[in-house]
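Read through the structure below, which is laid out as structure tokens, and then see the notes.
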Amino acid sequence: MTPADALNKNRDFLRYWSAGAVSELGTALSLIAFPLLVLALGDNLAQAGAVATCSLVTRLVLRLPGGLLADRWNRRTLMLAGDAIRMLALASIPVASGLGHLTYPQLLVVAIVEGAATALLFAPASGIAFRDVVAKEHLAEAMSRTQATEGVIAMAGPALGGALFAVDKILPFTLDSISYAVSAALLLSLRTKPPVSTAKPAADTRGWSAGLRWMRRQPALLRALFFGTVVNVAGTAAEVGVVISLRSAGSGATVIGVVMACAGVGAVIGALLAPRIIGRIRPGASFAVAGVIWTAGLAAIAATRAPWVVGLALVVMIGITPVGNIALGSALVGGTPRELLGRVNTAAGTLTGGVASFGPLMAGLLLQAFSPLTAWLVLAALCGLGTAVFAGPLLRLTELVAVPAGQEA
């Protein structure tokens, strides 16, 4: 039986996957609607930006403590609590609007509460729940499906959210609240009960930093994570850089939107093909190949402002990325000791995602200080250097996580 067939018969995985997809779609609907609603209330650009910033900062600060909770508490309970809190928070928006008392402070609080419930409760538990519902040999296929779904939602969600906002400015938030209720109902129907250890934790597994201490003993994994951080920084910088560069070159909003959608197309294609590629090349080789392609792609964008070239480069660059992401994710989820899984996963996400949040600022500063050619070549050089330093030494490795003899992952 192939991994795909096994997952199709895995009732709990299908429900878990559906719960995540529904929740992600709801979040995507309200993502663009939040700043639009703030502007509709008072046309204040600073306040519109503050809502997103407060949500992101909350998620970053609470991610590591959330990993500790995921290691100590029942993961399904944490996910259900996160869904319930987010459902109530989002539902307060249509209720307040119907009563005529919707204000900016309420929207700010809702954004913070939703971010806190996601980072502290739902995301750490959800991110490692594959371990409970999917066999190790099927992890790559399961992560591929999840990433493909996220890619489709990333493409369609914001556009659908904008269209719904045009119909009724409260509709995206109503549907987002309902999505959390549907997610909770699907999670309640899971038959697999995540194991919860009742034994007293060993000294080296106590505290929120235990995941970091374990990671320090995994040099190959750290190299892969540092390389992923470099690519993520370049990727988030490219998202903003492409828009600025094409706009300054005279491209219209429609053309820029089509070009940016190419990234989503690449993400979906890459996620669907990743399990087939992972089985044929070593994990380290996938990082090196991705590094070379990203370096070449950024150099190609530096050489021209032609939208079709930029779009094609994005398809190829983003398309190769899921291979490394899934290889790394499978190694983390499959090789980390169960009692540390939450903290290791959130520590890895904080490293790769937290630093990457500075990418858009980097792009703006580079494009303001230098010509577009120089700015893009700097990003290409960053990827090339990261590939040589971090991905190159991994070429011959077959495993990213070393599990000591006698220790169960």
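The values are calculated or read from the model by the stated rules, or taken from the named source; none is laboratory data. Computed from a predicted structure; not experimentally measured. Note that we place each Cβ from the backbone using ideal geometry, even for glycine, and neighbour counts take in every protein chain shown.
When we screen Leu160, Leu187 for residues that are among the aliphatic types (A, V, I, L, M) and crowded, with 20+ Cβ neighbours inside 10 Å, the only hit is Leu187. Identification of helices (runs of 4 or more DSSP H) wholly contained in segment 152-269 with 1 or more residues that are at pLDDT 80 or above and among the acidic types (Asp, Glu) yields 171-188.
Within segment 385-403, can you find the residues that are buried (at least 19 other Cβ atoms within 10 Å of the Cβ) and either in a helix (DSSP H, G or I) or modelled with pLDDT of 90 or more (or both)? Don't jump to the end; show me each part of the working.
Here is the first cut: in segment 385-403, the ones buried (at least 19 other Cβ atoms within 10 Å of the Cβ) are 386-387, 390-391, 394, 400-401.
Hits for segment 385-403 are Gly386, Thr387, Phe390, Ala391, Leu394.
Once segment 90-105 is narrowed to residues that are in contact (Cβ under 8 Å) with a residue 40 or more places away in the chain and surrounded by 15 or more Cβ atoms within 10 Å (Cβ to Cβ), the residue that is farthest from Ala184 (Cα to Cα) is Tyr104.
Residue-wise test of (1) under 24 Å from Thr229 (Cβ atoms); (2) among the aliphatic types (A, V, I, L, M); (3) surrounded by fewer than 18 Cβ atoms within 10 Å (Cβ to Cβ).
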site	(1), (2), (3)
Ala274	yes, yes, no
Ile278	yes, yes, no
Ile281	yes, yes, yes
Ser286	yes, no, no
Ala290	yes, yes, no
Thr295	yes, no, no
Ile301	yes, yes, no
Thr304	no, no, yes
Val309	no, yes, yes
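Is it the case, given these coordinates, that Leu373 is under 27 Å from Ile256 (Cα atoms) and over 23 Å from the mean Cα position of the chain (by Cα)?
Considered against the rule, which asks whether it is under 27 Å from Ile256 (Cα atoms) and over 23 Å from the mean Cα position of the chain (by Cα), Leu373 comes out as yes.
Only a single criterion out of (1) more than 30 Å from Val258 (Cα to Cα); (2) buried (at least 19 other Cβ atoms within 10 Å of the Cβ) is not satisfied by Asn325, namely (1). Only one entry of Ala40, Ala21, Ala4 meets the criterion of being closer than 21 Å to Gly162 by Cα and surrounded by fewer than 16 Cβ atoms within 10 Å (Cβ to Cβ), and that entry is Ala40. Kindly establish whether Leu379 is of a type in the set (A, V, I, L, M, F, W, C) and either closer than 14 Å to Ala302 by Cα or part of a loop (DSSP other than H, G, I, E, B) (or both). Spelling it out, Leu379 is indeed of a type in the set (A, V, I, L, M, F, W, C) and either closer than 14 Å to Ala302 by Cα or part of a loop (DSSP other than H, G, I, E, B) (or both).
If you take the residues of segment 125-151 that are surrounded by fewer than 20 Cβ atoms within 10 Å (Cβ to Cβ) and hydrophobic (A, V, I, L, M, F, W, C), which of them is modelled with the lowest pLDDT? Among residues in segment 125-151 that are surrounded by fewer than 20 Cβ atoms within 10 Å (Cβ to Cβ) and hydrophobic (A, V, I, L, M, F, W, C), the one modelled with the lowest pLDDT is Ala135. Within segment 246-271, the residues that satisfy the criterion of being of a type outside the set (A, V, I, L, M, F, W, C) and either crowded, with 22+ Cβ neighbours inside 10 Å or under 20 Å from the mean Cα position of the chain (by Cα) (or both) are Gly264, Gly266, Gly270. Scan segment 361-397 for residues that are farther than 18 Å from Phe226 by Cα and among the hydroxyl-bearing types (Ser, Thr, Tyr) and the total you get is 2. Out of curiosity, is Thr346 closer than 30 Å to Asp71 by Cβ, in contact with a Pro (Cβ under 7 Å, 6 or more places away or on another chain) and modelled with pLDDT of 80 or more? The answer is yes for Thr346.
Of the residues making up segment 343-361, those that are surrounded by fewer than 20 Cβ atoms within 10 Å (Cβ to Cβ) and over 23 Å from Ala125 (Cβ atoms) are Val355, Phe358, Pro360, Leu361.
Within segment 102-124, the only residue that satisfies the criterion of being touching a Phe, Trp or Tyr at 6+ places or on another chain (Cβ under 8 Å) and farther than 17 Å from Val61 by Cβ is Leu107.
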